[in-house]
Amino acid sequence: MYLPVPSQPDCASAWREAVRHVDHMRNHEAYNVIIDIDDPTAASTVAHPGVAAVDGFLADRAKPIETVANTIFPTSLYLRHGAPAFFDVFNDRVLPKVRRGGRWSGYYFERMIAYQGTAGVPPNQLWDIVERMNDDSVRALNKFELSLFDPIRDVDNSPYGGQCLSFLSFKVVPGSPRKVTLTAQYRNHYYVEKLLGNLIGLGRLMAFVARETGMEVGPLTVISTHAKIDQPGGAMRGEIKALLARFDQAIAPLAA
């Protein structure tokens with residue numbers, strides 16, 4: 001059981017096609033939806049009319065796209081402080097402000113750089129991947145895995161709460177230049193409220209890895225093991241349809 005979405009050139013078009021495909025399914029939900037994006041750094045800011053249309057829809061209903069993307073990778077913090085310094089800045093200045101009690105801050109970036117599921121000092125999985133990619137003695141190009149699901153904190157009786165992004169698998173594609181690709185697996189995925197921000201955040205994460213390793217950004221593949229056309233903020237089904245029409249209208253001049 002799976003639902004392939006035709007490969008798309010950028011984040012905005014991938015969001016539109018994924019929403020369209022899942023919306024046509026029974027109960028507006030699907031399992032094992034596969035999304036593939038040629039350039040996940042393209043159409044990834046509100047300067048793009050399609051992104052702006054979605055962001056405007058979410059303004060009074062849910063978190064802005066930029067906020068969602070920031071939970072995966074804090075680009076502004078990285079550009080301001082550089083790596084690896086920005087890891088400490090995040091832990092010391094950002095995390096205390098966003099942490100929710102003792103469980104989790106809601107930032108996937110936290111789990112990437114300080115995974116709590118092991119004894120001792122929490123490993124920085126993300127920086128370890130960058131360092132191994134830069135190590136000429138590391139010959140494996142398909143062994144850069146990053147876990148986000150925590151069996152200690154995440155197993156409960158909530159059907160939707162908690163982490164949704166479970167696993168990241170980076171690959172180095174040989175050639176000149178070399179490219180970094182990423183496959184991301186989601187346990188549960190709200191396509192209206194979260195998908196576009198997630199795609200943009202994952203693209204920024206890939207851009208970080210590529211920049212720190214001297215590679216180029218390759219394709220992004222997202223597998224949503226359960227996807228839902230949600231109705232954020234109590235939006236009506238007709239409002240979701242209107243959003244899709246507004247999106248198409250916004251990007252029409254780009255295709256002219």
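The values are calculated or read from the model by the stated rules, or taken from the named source; none is laboratory data. What you see is a predicted model; the values in this text were computed from it and never measured. FYI the Cβ positions are ideal-geometry reconstructions off the backbone, even for glycines, and counts take in every protein chain you see. Please note that ligands, DNA and RNA were not included when accessible areas were found on the heavy atoms of the full protein model with its side chains. Shrake-Rupley method; radii C 1.70, N 1.55, O 1.52, S 1.80 Å.
Top to bottom by accessible area (1.4 Å), largest first, where do I65, I34 land?
Final ranking, largest accessible area leading: I34, I65.
If packing is taken as the average count of other Cβ atoms within 10 Å, what order do 209-216, 220-227 fall into, highest mean first?
220-227, 209-216
Work out the P(r) tail for the stretch 1-153: percent of alpha carbon pairs separated by more than 22 Å, whole number.
Across the stretch 1-153, Cα pairs with separations above 22 Å total 57 percent.
Expressed as a rounded percentage, what relative contact order does the stretch 124-256 have, with Cα pairs under 8 Å and six or more residues apart?
Across the stretch 124-256, relative contact order equals 21 percent.
Which of the aspartates and glutamates could a cross-linker bridge to K97, judged by Cα under 13 Å and excluding same-chain residues fewer than eight apart?
E110
Treating cross-link reach as a plain straight distance, find the lysines whose alpha-carbon is under 29 Å from the alpha-carbon of K241, omitting any fewer than eight places away in the same chain.
K63, K194, K228
What whole-number distance in Å separates the alpha-carbon centres of the stretch 147-196 and the stretch 29-74?
Here the two parts' Cα centres lie 15 Å apart.
Give the lysines whose C-alpha is closer than 19 Å to that of K171, dropping any in the same chain fewer than 8 places away, or say none.
K143, K179
Once every DSSP H run of n ≥ 4 in the chain is given -39500 (n - 2.57) and the sum is divided by its residues, what mean residue ellipticity at 222 nm do you get, rounded to the nearest 500 deg cm²/dmol?
Calculated mean residue ellipticity at 222 nm is -11500 deg cm²/dmol.
Run the quick spin-label model on I34 and S169: label points 7 Å from Cα toward the beta carbon, then report their separation in nm to one decimal.
Modelled inter-label distance: 1.1 nm.
Please list, in chain and number order, the residues 5+ apart from K179 or on another chain whose amide H is under 5 Å from its amide H, with Hs placed from the backbone.
Close amide H contacts, sequence-distant or interchain: V173, E216.
Over the chain, give the accessible area per residue in Å² for a 1.4 Å probe, as an integer.
47 Å²
When the solvent-accessible surface of protein heavy atoms is calculated with a 1.4 angstrom probe, in what order do L254, L165 fall, highest first?
L254, L165
Could you calculate the contour length gain from A242 to L79, that is, 0.36 nm times the residue separation minus the distance between their Cα atoms, to one decimal place in nm?
55.0 nm
With a Förster radius of 22 Å, plug the Cβ-Cβ distance of V89 and N134 into 1/(1 + (r/R0)^6) and report the FRET value to the nearest 0.05.
About 0.50, to the nearest 0.05.
Restricting to Cα pairs below 8 Å that are 6+ residues apart, what does the relative contact order work out to for the chain? Please round to a whole percent.
So the answer I get is 27 percent.
Given the chain reduced to its alpha-carbon atoms as identical point scatterers, what log10 I(q)/I(0) does the Debye formula return at q = 0.11, 0.14, 0.17 Å⁻¹?
One equal scatterer on each Cα of the chain leads to -0.60, -0.98, -1.43.
In the chain, what percent of the accessible surface is made up of carbon and sulfur (1.4 Å probe, ligands and nucleic acids excluded)?
Ligands and nucleic acids excluded, carbon and sulfur give 53 percent.
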